[in-house]
Structures are given as C-alpha cells and as structure tokens.
Amino acid sequence: MRARVLTTTIILILNLILQSTIFQHIRIADIMPNTSIIIIISYAILRGSTEGAIVGCFSGLLTDIFFGNSIGFYGFLGMMTGYLCGRSFHNLYRENYILPIMISATAVFIYESIVYFTGFLFNGNTNYIYFLVKLIVPEMVYTGIFSMIIYRLLFALNDWLEEKEKYRYRLF
C-alpha cells in the first residue's frame with residue numbers, strides 16, 4: 001500500500017513538472033496534451049472509481065495550486081472525472097488499449113467544455129464554436145495519441161505493483 005501511494009505521488013508530481021516544462025516545448029498549434037486527464041482515467045480504469053477519484057482530486061488540486069485562479073475547481077472536476085470514469089467502466093477489459101483512447105478524448109471534450117462554460121462564458125466570451133474547433137478538438141486528438149503511451153506505462157506499473165502486493169500479502 002505504501003509503495004502504491006508513493007508511486008502515485010511521484011507520478012502526479014512528475015506530471016506537474018513535465019506539463020509545466022517539457023510539454024510546453026512539444027506544443028502543436030499551441031495545443032498541449034492534457035496528461036492529467038490521462039493519468040486520472042488510467043487510474044480509474046485500472047484501480048476503480050475510488051482511486052480514480054482520489055487521484056483526480058489530488059491532480060486537480062495540484063493544478064489549482066500552481067495554475068488555477070481558485071482552490072478546488074480543478075480538484076472537484078478531476079475527482080468527478082475519476083469517479084465517473086471508474087464507475088462507468090469498471091467491467092471492461094483492462095488490456096484493451098483502444099478504449100482508454102476513446103475515454104480520454106471524450107473526457108477532454110467534457111472537461112474542457114465545462115472549463116469553457118464556467119470560465120470563458122461568464123467573462124463574456126460567447127464564441128463556443130471557435131473554442132471547440134481551435135482548442136478542444138485538437139486537444140482531444142493530441143491527448144488521445146498521448147494516452148496510448150501513458151496508459152501502457154501505467155498499466156505495466158500497475159501490474160508490477162499488484163504482483164508486489166500479492167507476494168507481500170501472500171494472496172493467491
């Protein structure tokens with residue numbers, strides 16, 4: 001259990017560092033992949049809705065602390081994303097690598113639409129079609145491409161941790 005918590009903490013902090021430094025340089029058309037969503041969805045698929053919600057909450061809180069205007073908005077949004085994805089897809093075949101791509105793209109669409117409607121719309125920016133075509137759809141595609149790589153890495157890490165926990169607790 002300690003190894004899993006420590007590993008998850010390192011992954012979230014490493015994601016924050018990479019997203020604010022290296023991923024800034026691999027932008028395409030000023031669009032960057034949302035790796036936080038990929039990590040939240042991967043944990044929700046691999047470990048269930050509870051761990052997906054916890055990882056989403058902490059990932060969102062890190063985003064709130066370093067990049068947000070208020071504390072709690074992205075934390076709540078990440079928590080709900082992790083919970084709903086974990087709850088909706090708890091009976092799926094975890095080794096399927098296509099489904100996390102589709103779930104990530106859909107989650108980015110919903111996540112960014114909520115961010116638009118709560119942030120930009122209330123500030124008077126009513127051009128949703130422009131926001132959809134120029135920002136949301138390219139980010140969906142870019143995040144979908146990155147989700148293949150990140151999900152495979154997190155899947156292998158999860159298998160390794162489960163083997164370690166099985167051996168430690170002498171399960172099965």
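The values are calculated or read from the model by the stated rules, or taken from the named source; none is laboratory data. Keep in mind the model is a prediction, meaning the values are calculated, not measured. Neighbour counts are summed over all protein chains in view; Cβ atoms, including those assigned to glycine, are modelled from backbone coordinates with ideal geometry. For accessibility, only protein heavy atoms count, side chains too; no ligands or nucleic acids. Shrake-Rupley method; radii C 1.70, N 1.55, O 1.52, S 1.80 Å.
Scoring Phe73 on the criteria (1) out of contact with any helix residue (DSSP H, G or I) (no Cβ under 8 Å at 6 or more places or on another chain); (2) within 22 Å of Glu51 (Cα to Cα); (3) of a type outside the set (Asp, Glu) leaves a single failure, condition (1). Set side by side, the residues Ile65, Ile98, Ile40 differ, and just one is in contact (Cβ under 8 Å) with a residue 24 or more places away in the chain and of a type outside the set (Phe, Trp, Tyr), which is Ile40.
Okay, residues lined up against (1) open to solvent by less than 60 Å² (accessible area, probe 1.4 Å); (2) more than 19 Å from Tyr116 (Cβ to Cβ); (3) in contact with a Leu (Cβ under 9 Å, 6 or more places away or on another chain):
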site	(1), (2), (3)
Arg2	no, yes, no
Val5	no, yes, no
Leu14	no, yes, no
Thr21	no, yes, no
Gly48	yes, yes, no
Phe73	no, no, no
Ser88	no, yes, no
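Report yes if Thr106 is part of a helix (DSSP H, G or I) and either among the charged types (D, E, K, R) or modelled with pLDDT of 90 or more (or both), otherwise no.
Values: part of a helix (DSSP H, G or I): yes; either among the charged types (D, E, K, R) or modelled with pLDDT of 90 or more (or both): yes.
So Thr106 passes the test.
Selection over segment 114-172 of residues that are open to solvent by 70 Å² or more (accessible area, probe 1.4 Å), aliphatic (A, V, I, L, M) and modelled with pLDDT under 85 gives a count of 1.
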